[in-house]
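In what follows, a single structure is set out as structure tokens and then discussed.
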Amino acid sequence: MRVISIQTDVQYRQAKVMALLDASGPSLRGLLVRLTQCEAAVGDLMQDLFIRLYESDSFARSEEGFAFAWRVATNLAFDWRRKQRRHPVPTTTVTTRQEPLERTQRREEIAQLLDVIESLNEPGRTVIIMRHIEQQSYETMAQHLGKNVGHLRSICSKALQQLRWTLERSDVTSGQGGVS
């Protein structure tokens, strides 16, 4: 009897992970690309994501699988970024059609912004990423997070204020002046 229960649990987990991969795999991959700015790392991160989801009892019990997977993917991306700061490895970055100097400057600005986003508290980081990186509406965010739109707007406003303050402070300490 116990063997059947374990086998059923394994099949359920596999089916839930595969359904998420089919429905939201490209979206989760896009999130990882935007947060890491490194195409080469995304394949490994996607693999880690789906292994963690498969092994997670919380994911198996969650009713909103995408929201759970989104949070795990976000955490994996920021963990990867922290590891890169400690042990930088040459990587292939997301390519654009800009001049090399402009690309380098843009890459540095994005890295600085992502570092500051990483320092936000969990609700602020989640809302900023969903709203300004993923370009989701407040209504969509409210559905995914189970919160009302007004509360999300408040969290977003406070997080943006914190981002501005931190970026202005880093510009002043680096001698670049304030951000407008």
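The values are calculated or read from the model by the stated rules, or taken from the named source; none is laboratory data. These numbers come from a predicted model, not from an experiment. Note: ideal-geometry Cβ built from the backbone for every residue, glycine included; neighbour counts use all protein chains shown. Just the protein is used for accessible areas: all its heavy atoms, side chains included, with ligands, DNA and RNA removed. Shrake-Rupley method; radii C 1.70, N 1.55, O 1.52, S 1.80 Å.
Of Ile128, Ile110, which has the most accessible area and how do the rest follow, probe 1.4 Å? Each step should come with its number before you reach the end.
Details: Ile128 5, Ile110 35 Å².
My answer, sorted largest first, is Ile110, Ile128.
Sort Arg61, Arg71 by accessible area with a 1.4 Å probe, largest first. List each step's numbers first, then the result.
Details: Arg61 170, Arg71 95 Å².
Descending order: Arg61, Arg71.
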> Taking Lys158 as the anchor, which lysines have their alpha carbon closer than 23 Å to its alpha carbon, excluding any fewer than eight residues away along the same chain?
Replying inline: Lys147
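Where does each of 50-58, 29-37 land if you order them by average Cβ count within 10 Å, highest first? Show your work: numbers first, answer last.
On the way: 50-58: 14.3, 29-37: 19.4.
Result, highest mean first: 29-37, 50-58.
So what is Rg over Rh here for the chain, counting just Cα atoms and using Kirkwood for Rh?
Numbers: Rg = 18.7 Å, Rh = 18.2 Å.
The Rg/Rh ratio comes out at 1.03.
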>> With a 1.4 Å probe and all protein chains kept in place, how do Met18, Met46, Met130 rank by accessible area, largest first?
In response: Met18, Met46, Met130
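Just the accessible area per residue of the chain, please: how many Å² with a 1.4 Å probe?
Values: 11320 Å² over 180 residues.
Averaged over the residues of the chain, the accessible area is 63 Å².
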